[in-house]
Amino acid sequence: MKLHHIINSLLETDLYKFSMGQAIYHQFPSYKTNWTFKCRNAGVHFTDEMVEEIKEQIHEYCHLRFTQDELDYLAKIEWLHEDYLDHLQIWKPRYEDFTISNNSECGLFLEAKGTWLNTSMYEIPILAIVNEVYFRMAYDYNKLFEQYKRKLEEKKNWLISGEYNLGGFSEFGLRRRLSAEAQDLAVKTLCENNKNYKDSKCVGTSNVYLAKKYNVIPVGTMAHEFIMCVGQGNPMYNPAYSNKFAMKAWTDEYGVLNGTYLTDTIGDAATHLDMEYTYSILFGGVRHDSGDPYEWGEQWIKHYQNYYDKYHDERVNPKNKTLLFSDSLDFKRASDLYAYFKNRIKVAFGIGTYIANDTDVEPLNIVMKVTECNELPVAKLSNAYGKTMCKDDEYIEYLRKTIDWRLNHN
């Protein structure tokens, strides 16, 4: 079964890949990383035919180049610099960076190895390829797409009727979308109906290609990889200070245009320590990606309130900061969170799989995570069981001990 080309533009990735990419280009161009694919679903199996199709799709992806029109669009994003755009003009994916086989429990072994500047760009389009190949070849795709369209129409009508009130939300579903046409339809449908919603607004999408196509806001700041590689990829650094190193690198790059900080890479307790007064001013808010969202939100309101009470500085007034929720959301969860927090702090949502892959079939829970940086193990210590991913159990133990020591001796 031969499929059409799934990725047709190098813009078809999440915005934060460009924001991180520029910081990597300027500050860490020699860093090298290894990325590893994992399917978290029990019982899912990729057939040999699927693996071959994935190889072919990745090979075709590696033939893409940025067009001048695409570079002109990126140039309009105020924090992207001309020298980085010059780099993108000659940048290309390298098929030689990939190792792909059926030597895995799920039937798909997939790794990428090379400079961080290159391999960081692979994660999102590769996951989109894997996801679409699987659903087109494992099921009757046309039936799935009909289910998807029915449920998308239902979501639109809920927003129009006010059944769910979300405030502002963005579509975050590229990496686990049912297909390119499904995500395209979602962004088009949800954004073009904003004027009809009672108390919600779809402000944009993380997919830069679709943001350009539909003239909506591309959304995103950073991913766990940035904190992991900056804080754990240098043997001279104590990884318990990963957030401090990452915050410094990010603010060195972007000054006051810092966006939203991702808090759970090595646990929120360490992030609270490193999000000192200056960084609490410079970052516009924080993003939730694991653990209890209500407890997390309360802790960050308290964090900002403590600085506000101490300095009487409106820049750290909780009402001027944003909590961005992005962990396994649906409209009900988001609506409940919005109602709970909206009068105390700004609230926003990034909603992914629920928008981009909602059918009668369970979606894939697939990831591609950086597992080594400069030949050193790196890890994310998630607040949720099962999300931690590292090849070296001894490193996980070491990382936990360094963080515990710091928290107990701060």
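The values are calculated or read from the model by the stated rules, or taken from the named source; none is laboratory data. As the structure is a prediction and not an experimental result, all values here were calculated from the model. Positions of Cβ are generated from backbone atoms using ideal geometry, with glycine treated the same way; all protein chains shown enter the neighbour counts. Surface accessibility is based on the protein's heavy atoms, side chains included, excluding ligands, DNA and RNA. Shrake-Rupley method; radii C 1.70, N 1.55, O 1.52, S 1.80 Å.
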Answer yes or no: is there a residue in the range 288-302 that is modelled with pLDDT of 95 or more, more than 21 Å from the chain's Cα centre (by Cα), of a type outside the set (Lys, Arg) and open to solvent by less than 10 Å² (accessible area, probe 1.4 Å). no
Restricting attention to the range 120-148, which residues are under 16 Å from LEU3 (Cα atoms) and in a loop (DSSP other than H, G, I, E, B)? TYR139, ASP140
So which residues in the range 22-36 are open to solvent by 30 Å² or more (accessible area, probe 1.4 Å), touching a strand residue (DSSP E or B) at 6+ places or on another chain (Cβ under 9 Å) and closer than 14 Å to LEU88 by Cβ, if there are any at all? PRO29
Would a scan of the range 21-33 turn up a residue that is more than 26 Å from VAL219 (Cα to Cα) and assigned to a strand (DSSP E or B)? yes
Out of all the residues in the range 75-95, is one or more part of a helix (DSSP H, G or I), farther than 12 Å from LEU11 by Cα and among the aromatic types (Phe, Trp, Tyr)? yes
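For (1) among the small types (Gly, Ala, Ser); (2) under 18 Å from GLY231 (Cα atoms); (3) within 16 Å of the chain's Cα centre (by Cα); (4) part of a loop (DSSP other than H, G, I, E, B), each residue gets a yes or a no:
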residue	(1), (2), (3), (4)
TYR354	no, no, yes, no
ASP360	no, no, no, yes
PRO363	no, no, no, yes
VAL367	no, no, yes, no
THR371	no, yes, no, no
LYS380	no, yes, yes, yes
THR388	no, yes, yes, yes
TYR395	no, yes, no, no
TYR398	no, yes, no, no
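Rundown of residues vs (1) under 21 Å from the mean Cα position of the chain (by Cα); (2) more than 30 Å from ALA356 (Cα to Cα); (3) surrounded by 18 or more Cβ atoms within 10 Å (Cβ to Cβ), yes/no style:
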| position | (1), (2), (3) |
| --- | --- |
| ASP252 | no, yes, no |
| LEU257 | yes, no, no |
| LEU262 | yes, no, yes |
| TYR307 | no, yes, yes |
Scanning the range 223-238 for residues that are assigned to a loop (DSSP other than H, G, I, E, B), buried (at least 23 other Cβ atoms within 10 Å of the Cβ) and of a type in the set (A, V, I, L, M) gives ALA223
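Return a yes/no flag: does the range 112-119 have any residue that is open to solvent by less than 40 Å² (accessible area, probe 1.4 Å), hydroxyl-bearing (Ser, Thr, Tyr), under 22 Å from PRO377 (Cβ atoms) and part of a helix (DSSP H, G or I).
The answer is yes, given that some residue of the range 112-119 is open to solvent by less than 40 Å² (accessible area, probe 1.4 Å), hydroxyl-bearing (Ser, Thr, Tyr), under 22 Å from PRO377 (Cβ atoms) and part of a helix (DSSP H, G or I).
Yes/no per residue for (1) of a type in the set (A, V, I, L, M, F, W, C); (2) surrounded by fewer than 19 Cβ atoms within 10 Å (Cβ to Cβ); (3) modelled with pLDDT under 95:
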position: PHE349; (1), (2), (3): yes, no, no
position: THR353; (1), (2), (3): no, no, no
position: ASN365; (1), (2), (3): no, yes, no
position: ASN374; (1), (2), (3): no, yes, no
position: ASN410; (1), (2), (3): no, yes, yes
Quick count over the range 250-271, residues being hydroxyl-bearing (Ser, Thr, Tyr) and part of a loop (DSSP other than H, G, I, E, B), is 2
Under 6 Å between Cβ atoms, which residue pairs at least 6 apart in sequence (or on different chains) link something in the range 100-126 that is of a type in the set (Val, Ile, Thr) with a partner that is part of a helix (DSSP H, G or I) and surrounded by 22 or more Cβ atoms within 10 Å (Cβ to Cβ)? ILE124/LEU174; ILE124/ARG175
What are the pairs, 6+ residues apart or on separate chains, where a residue within the range 3-19 that is part of a strand (DSSP E or B) has its Cβ under 7 Å from a residue that is open to solvent by 10 Å² or more (accessible area, probe 1.4 Å)? ASP14/GLY220
